[in-house]
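Computed from the coordinates by the stated procedures, all read-outs in this text should not be read as laboratory data. Bear in mind the structure is a predicted one, so any value in this text is a computation, not a measurement. Please note: Cβ atoms are built from the backbone with ideal geometry, for glycine as well, and neighbour counts cover all protein chains shown.
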Amino acid sequence: APPECPFCGEAAGGELEEHVRARHGHLLGAPGTGNGEQLYECPMCSLTCTNIQILEEHVDLHFEEHSFSEGTDLELAQQLQTEEDERQRSEEEKREKEEFKKLQRQYGLDNSGGFKQQFLKNMEREVDRGRMQPFEYHKRKADMMESLASGIDDGKTKTSGVIEALCKYYQNENKDVRRVWLSAGVDHFHSSLGDRGWGCGYRNFQMLLSSLLQNSFYNDCLRDTTLIPSIPKIQSMIEDAWREGFDPHGASHFNNRLHGSKAWIGACEIYSLLTSLRIKCQIIDFHKPTGPMGTHPRLFEWVLHYYSTDSEGSAKVVCTSKPPIYLQHQGHSRTVVGIEEKKNKSLCLLLFDPGCSSQEMQKLLKQNSDGTGLKLLRKFVGSLKEKQYQIVAVDGALSVEEKAARCRASQVLTSEKIP
């Protein structure tokens, strides 16, 4: 604030000295002492002088002191503000680093090891807790090392025959299902000690691949992949696709490296891998809810159209030749193996979840099932309420030229968005 005049109280700006001399110079003098001397009183500190020049010098000192004080206060304020800005910037950088490390851990990019390291660590924990005998630990370790060396999944998390069992069940179901469409045969794979918490994308790829390997139409595309690969092998296959030029933007997100990590993968990585194998597929992006309460009825309608397009007649149970569908949302992915149409016209997806154990999936193989096991698979419109979903749907094979064209197009890969 500008200094105030000690005589009139007005704001004198930066010219306090000139203001005092011009407006109140006559007040600098004071009545005499009675012995003939003229006394002059300082307007700032009440000091009495007998010489006007001494008083003027004294007042000048007050002005200089005031000016110095103002400068010191300004410098101090600037210094304090600079220190506060640096403190806030340091705290923000620290917070960003912690958030980044948290995301790295969450998505398996923190260099903490991959499938092998997690498998061994979890088995050691089981032994320490008395849930696994040492001889079983060594046997499973040997099996795991053999699987990693061959690049072939050991099949210990696989359940086969579920689609066939479902077909038989629906033939006899007379309650509320009007029609049902099922995918071609597909094996269920669930997460193991080595990939629990991050392996769903890889397990869903194994499910999809298990169906394609049963379809002779894809023999030429899969002549180098005749058995289900292990998760580390799938990671290497995705890296191979990146080296071919697929999805460089996505590859950079993982620093072009998946093998030996616990990195999560999603629809784009599945698309790149399938296309590199000359399997024709597309990504469909359901980027916002299309129904009340955050639901996605358009997703259900799309799946119905996918499975029912080539089916003819009015059979209640339609076992199609269509491969299953890869379904992704934030934090998890599953495999769509069919869709029910209820008698009230509502739709219900049938999903294989990698988080579901073999023991639970085995219950679906019982021919005399009363349908209670289907709770594991059924998802109604009100059950899928994530903000966004993506699907990867297979639709044939690619020529070498078509594969090259899609590789070039993936440089700016975009998904088809459902409005």
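A compact table of results
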{"quantity": "Nearest-20 debye value, the stretch 115-417 charge dipole, Cβ charges on Lys, Arg, Asp, Glu", "calculated": "840"}
{"quantity": "Rg [Å, one decimal], Dmax [Å, integer] - the stretch 114-235, C-alpha atoms", "calculated": "17.8, 52"}
{"quantity": "Angstrom value of the Kirkwood radius, inverse mean 1/r, which spans all Cα pairs in the stretch 115-417", "calculated": "20.2"}
{"quantity": "Given charges at Cβ of Lys, Arg, Asp, Glu: the stretch 115-417 dipole, positive-most of Asn204, Asn122, Pro229", "calculated": "Asn122"}
{"quantity": "About the Cα centre, charge dipole magnitude for the stretch 115-189 (Lys/Arg +1, Asp/Glu -1 at Cβ), debye", "calculated": "200"}
